[in-house]
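Q: My questions all concern the structure below.
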Amino acid sequence: MQLDRTFWNDLYANGDTGWDLGGPSTPLREYLDQLKDKDLRILIPGGGRSYEAEHAHRKGFRNVFVIDLTDAPLKDLLKRCPDFPQDHFLVGDFFTHEGAYDRILEQTFFCALDPGLRPRYVEHMHGLLKPGGRLVGVLFNDALNTDRPPFGGSKEVYLPLFSKHFPEVSLAPCYNSIKPRDGRELWLRAVKPVGPAGTDEASYTPIDCNLYDHYEAAATLRTPMRLTTSDGAVHLGIITDLFVQEKVEYARLDNGTTLRLDLITRLEKAEG
């Protein structure tokens with residue numbers, strides 16, 4: 001099966017768009033609603049009818065871009081939202097797109113691609129993000145199809161792919177999926193490391209040996225921990241692994257989240 005422009009044009013022409021929710025994905029809508037910086041450069045790949053782009057635009061975000069292999073859904077977006085900047089809808093191949101973004105929103109675009117392209121997808125996402133930028137969104141937590149999109153998978157399948165380029169990555173069940181997708185979606189959060197040329201080592205500050213002992217003790221005793229990172233995010237879990245990658249120290253939690261030790265600003269036992 002050739003998943004090319006003709007393939008997707010035919011699906012739109014025939015109304016074979018079972019993935020279309022008729023509105024923004026609840027997890028992505030609520031994520032956008034809590035963002036304060038309206039100048040963030042946001043990319044939505046495989047945006048389709050672009051309900052998330054419409055929602056972001058109506059919320060006042062000024063730099064929202066959509067890229068899709070076909071322009072078939074563009075007329076529908078402009079009919080619903082005529083003041084959406086037409087030059088922010090990019091028609092073309094995601095893998096040849098160049099840019100620098102603060103956020104990339106994933107609405108199962110990953111699951112629409114041939115699974116053989118997944119390693120290339122992760123690498124290109126890393127390249128499109130600014131240092132400190134984030135890839136966030138929804139992946140299917142379901143086996144789904146093997147002969148046609150959407151192609152599914154699981155946390156166990158996805159994490160090794162993303163971890164190769166995103167040391168700080170987490171996948172957790174969505175708590176706010178629509179009813180037909182309840183229990184079948186994972187929320188992805190992958191952060192590009194901050195540093196010159198996006199490297200880890202260039203910006204890494206080794207932590208104190210005494211502090212490292214606390215991480216080792218927590219991992220050995222499998223103590224539920226509450227970890228706060230420099231961006232204000234709070235992570236709950238048990239430290240299952242402490243490791244070094246390219247001279248940078250990391251902690252991995254039992255939920256799959258991987259954190260740089262020097263970006264953890266507070267380590268304490270989780271309540272309860």
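The values are calculated or read from the model by the stated rules, or taken from the named source; none is laboratory data. Worth saying up front: this structure is predicted, and the values here are computed from it rather than measured. Methodologically, a virtual Cβ is constructed for each residue, glycine included, from the backbone with ideal geometry; neighbour enumeration extends over all protein chains shown. SASA here: full protein model, heavy atoms, side chains in, ligands and nucleic acids out. Shrake-Rupley method; radii C 1.70, N 1.55, O 1.52, S 1.80 Å.
Q: Roughly how many Å is it from the Cα centre of segment 231-271 to that of segment 62-136, as a whole number?
A: Computed from Cα coordinates, the inter-centre distance equals 30 Å.
Q: A further question follows. Students often get this wrong, so check it: of 155/192; 192/247; 36/269; 38/75; 155/247, which have C-alpha atoms separated by over 23 Å? The partial results should precede the final answer.
A: Working: 155/192 19 Å; 192/247 17 Å; 36/269 30 Å; 38/75 25 Å; 155/247 27 Å.
Over 23 Å Cα-Cα: 36/269; 38/75; 155/247.
Q: What accessible area per residue comes out for segment 44-190, rounded to a whole number of Å², with a 1.4 Å probe? Spell out each step's value before the answer.
A: Details: 6300 Å² over 147 residues.
On a per-residue basis, segment 44-190 sits at 43 Å².
Q: Evaluate the relative contact order of segment 84-179 (contact order divided by residue number), counting alpha-carbon pairs under 8 angstrom at least 6 apart; express in whole percent. Don't skip to the answer; put the middle values down first.
A: Values: 98 pairs, mean separation 25.4, N = 96.
Here the relative contact order equals 27 percent.
Q: Where does each of 62-72, 91-101, 46-56 land if you order them by average Cβ count within 10 Å, highest first? Provide the component values of the computation, followed by the final result.
A: On the way: 62-72: 19.7, 91-101: 13.2, 46-56: 23.8.
Result, highest mean first: 46-56, 62-72, 91-101.
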